[in-house]
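Chemist: Provided herewith is a single structure, encoded as structure tokens, for subsequent inquiry.
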Amino acid sequence: MALFANRLQAGQQLAEALQRFSFKNGLVLAIPRGGVVVGYEIADALNLLLDVIVPRKLGAPGNPEYAIGAVAEDGTMILDENAIEYLHVPQDYIERESAMQKQEIQRRMRLYRQDTPYPDLKGRDVIVVDDGIATGSTMKAALASVKNCGANTVTAAIPVGPPSTIDALKKLADRVVCLFTPESFFAIGEFYDDFSQTSDDEVIYLLGKNREKHVLESVSR
């Protein structure tokens, strides 16, 4: 049964749930691509700057869709030690895979952000957003990275995720806001009427639209 019409509605509902909290010098970091649509609605409702964080999962040898962990741009890595041990994944494979994914992260950051300087996270209340989580490997890497960058607080904001993954996120975030935690969980898309792929162009457009709004506000003050 779908819980959301689309990502836009999911973002609006999450924004409403986040209204009761205070975000000092707040910032929304969304995980592309779909998370940016959700994050835009949150940033717009809370009048916060929107940017991206691009963690990448580390795929298992011979099965890139099976995550053995995830890495963030700054090198922060979250590993699934049980999966690595079970699959006998060698350390040199992990190093090669993480180096390859960091290159892809840098490519995407340049694509989405153009030449815009990345915001300093030190002392800020940061909201990390995605359109849903399953294993949560990329979200975990994002949260750990934001903490490592000196954020004051880190809030994970997700429309839907399985209870076990949400519990795991609570060890890495100061606050986890998840609207629905169904026990029966197969794929994120099953909880949306429209879960069509978000394009790179839409990500770039939403980041630019948010940035333009804040530039205009600073000029009018």
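Chemist: Looking at the stretch 167-195, I want the residues that are assigned to a loop (DSSP other than H, G, I, E, B) and hydrophobic (A, V, I, L, M, F, W, C) and have a partner that is open to solvent by 70 Å² or more (accessible area, probe 1.4 Å) and modelled with pLDDT of 95 or more with Cβ atoms under 8 Å, at least 6 apart or on another chain. Which pairs are those?
Modeler: Leu172/Lys147
Chemist: Here is a further query. Within the stretch 155-163, is there a residue that is within 18 Å of Val129 (Cβ to Cβ), surrounded by fewer than 18 Cβ atoms within 10 Å (Cβ to Cβ) and not acidic (Asp, Glu)?
Modeler: There is no residue in the stretch 155-163 that is within 18 Å of Val129 (Cβ to Cβ), surrounded by fewer than 18 Cβ atoms within 10 Å (Cβ to Cβ) and not acidic (Asp, Glu).
Chemist: Restricting to the stretch 86-122, name every residue that is free of Cβ contacts under 8 Å to residues at least 24 places away in the same chain and of a type in the set (Phe, Trp, Tyr).
Modeler: Once the filter is applied, which keeps residues that are free of Cβ contacts under 8 Å to residues at least 24 places away in the same chain and of a type in the set (Phe, Trp, Tyr), the stretch 86-122 yields only Tyr86.
Chemist: Could you check, for the stretch 85-99, whether at least one of its residues is in a strand (DSSP E or B), over 30 Å from Leu206 (Cβ atoms) and not small (Gly, Ala, Ser)?
Modeler: Initially, the stretch 85-99 is screened for residues in a strand (DSSP E or B), giving none.
No, that holds for no residue.
Chemist: Still on this structure, please answer the following. Can you say whether Lys147 is open to solvent by 10 Å² or more (accessible area, probe 1.4 Å), over 22 Å from Leu206 (Cα atoms) and within 16 Å of the chain's Cα centre (by Cα), as far as the supplied structure shows?
Modeler: Values: open to solvent by 10 Å² or more (accessible area, probe 1.4 Å): yes; over 22 Å from Leu206 (Cα atoms): yes; within 16 Å of the chain's Cα centre (by Cα): yes.
Yes.
Chemist: Name the residue that is nearest to Asn25 (Cα to Cα), counting only residues in the stretch 107-120 that are open to solvent by less than 80 Å² (accessible area, probe 1.4 Å) and in a helix (DSSP H, G or I). Talk me through it step by step, then tell me what you get.
Modeler: First, pick out the residues of the stretch 107-120 that are open to solvent by less than 80 Å² (accessible area, probe 1.4 Å): 108-109, 111-113, 116, 119.
Next, from what is left, pick out any that are in a helix (DSSP H, G or I): 108-109, 111-113.
Working: Arg108: 26, Met109: 23, Leu111: 26, Tyr112: 23, Arg113: 21 Å.
It comes out as Arg113.
Chemist: Here is a further query. Does the stretch 1-54 hold any residues that are assigned to a helix (DSSP H, G or I) and open to solvent by 30 Å² or more (accessible area, probe 1.4 Å), and which are they? Give the derivation first.
Modeler: Of the residues in the stretch 1-54, the ones assigned to a helix (DSSP H, G or I) are 7-18, 34-46.
Result: Leu8, Gln9, Gln12, Gln13, Glu16, Glu41, Asp44, Ala45, Leu46.
Chemist: Of all residues in the stretch 73-84, which are of a type in the set (A, V, I, L, M) and either assigned to a helix (DSSP H, G or I) or surrounded by fewer than 12 Cβ atoms within 10 Å (Cβ to Cβ) (or both)? So that I can check it myself, show each step before the final result.
Modeler: Kept after step one, since they are of a type in the set (A, V, I, L, M), are these residues of the stretch 73-84: 77-79, 83-84.
Those that are of a type in the set (A, V, I, L, M) and either assigned to a helix (DSSP H, G or I) or surrounded by fewer than 12 Cβ atoms within 10 Å (Cβ to Cβ) (or both): Ala83, Ile84.
Chemist: Restricting the search to the stretch 10-36, which residues are in contact with a strand residue (DSSP E or B) (Cβ under 9 Å, 6 or more places away or on another chain) and among the polar types (S, T, N, Q)?
Modeler: Selection gives Gln13, Ser22, Asn25.
Chemist: What are the residues in the stretch 191-221 that are among the acidic types (Asp, Glu) and touching a Pro at 6+ places or on another chain (Cβ under 9 Å), if any?
Modeler: Going residue by residue through the stretch 191-221, those that are among the acidic types (Asp, Glu) are 193-194, 200-202, 212, 217.
Selection gives Asp200 alone.
The values are calculated or read from the model by the stated rules, or taken from the named source; none is laboratory data. None of these values were measured; they are calculated from a predicted model. So basically every Cβ, Gly included, is an ideal-geometry build from the backbone, and we count neighbours across all protein chains shown. These area figures cover heavy atoms from the full protein model, side chains too; ligands, DNA and RNA do not enter into them. Shrake-Rupley method; radii C 1.70, N 1.55, O 1.52, S 1.80 Å.
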